[in-house]
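Below: one structure, written as structure tokens.
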Amino acid sequence: MDSVVHTKLTMLGTVVEQDVRTTVYTDLAMKPVFETFVMSSGGTTTRVEAVFKPDVVECRLYSQGQPTKKSVPIPPGAKLVGDSSMYGTGAKKVQVGDKETMHYFNPLSLTIDALAIEGFAPGEGADQGQDL
């Protein structure tokens, strides 16, 4: 999966731009194997490279030209997906009533975050002001 986002905002007359590129490589079961994340804004670029192992994500953070290493433990039993948007890819589609918790690597915080999925019928859920 490759995602490129360019954001341009004007706040109080000041233009702020941000470019983000995320590339996630997965195996055939859609489990992440390798990820790169590059964010540029205001002349500063931050890059994260993540290698996914069975119980840990080995990260290298490049910011200000200096690499930093960090090991991020994967919670026992966590079902890891490549990105928070990757649920429902492949053979599995979200059905009404489906409830599942997955996890994904967050390259901004260098953490493993939970992702709660729940399938609603049209007219139910967030579009009706309900908290998910």
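Observations on the structure shown:
Residues checked against (1) more than 19 Å from D2 (Cβ to Cβ); (2) surrounded by 13 or more Cβ atoms within 10 Å (Cβ to Cβ); (3) modelled with pLDDT of 85 or more; (4) of a type in the set (V, I, T):
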position: E58; (1), (2), (3), (4): yes, yes, yes, no
position: P73; (1), (2), (3), (4): yes, no, yes, no
position: M86; (1), (2), (3), (4): no, yes, no, no
position: A91; (1), (2), (3), (4): yes, no, no, no
position: E100; (1), (2), (3), (4): yes, yes, no, no
position: H103; (1), (2), (3), (4): yes, yes, yes, no
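- Residues in the range 1-39 that are over 22 Å from L110 (Cα atoms) and under 13 Å from the mean Cα position of the chain (by Cα): none.
- Test for V4: is it surrounded by fewer than 15 Cβ atoms within 10 Å (Cβ to Cβ) and aliphatic (A, V, I, L, M): yes
- Residues located in the range 11-49, provided they are acidic (D, E) and surrounded by 16 or more Cβ atoms within 10 Å (Cβ to Cβ): E35, E49
- The range 105-114, subset at negative phi and of a type in the set (A, V, I, L, M), residue modelled with the highest pLDDT: I112
- Residues of the range 1-44 that are of a type in the set (D, E) and over 19 Å from M102 (Cα atoms): D2, E17, D19.
- Residues located in the range 99-110, provided they are in contact with a Phe, Trp or Tyr (Cβ under 8 Å, 6 or more places away or on another chain), part of a strand (DSSP E or B) and not acidic (D, E): M102, F105
For every residue, the table says whether it meets (1) part of a strand (DSSP E or B); (2) at pLDDT 80 or above; (3) among the small types (G, A, S).
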site: E17; (1), (2), (3): yes, yes, no
site: L28; (1), (2), (3): no, yes, no
site: T45; (1), (2), (3): yes, yes, no
site: E49; (1), (2), (3): yes, yes, no
site: G77; (1), (2), (3): no, yes, yes
site: G123; (1), (2), (3): no, no, yes
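The values are calculated or read from the model by the stated rules, or taken from the named source; none is laboratory data. Since we're looking at a predicted model, the values are computed, not measured. Here Cβ is always computed from backbone atoms with ideal geometry, including for glycine, and neighbour counts include all displayed protein chains.
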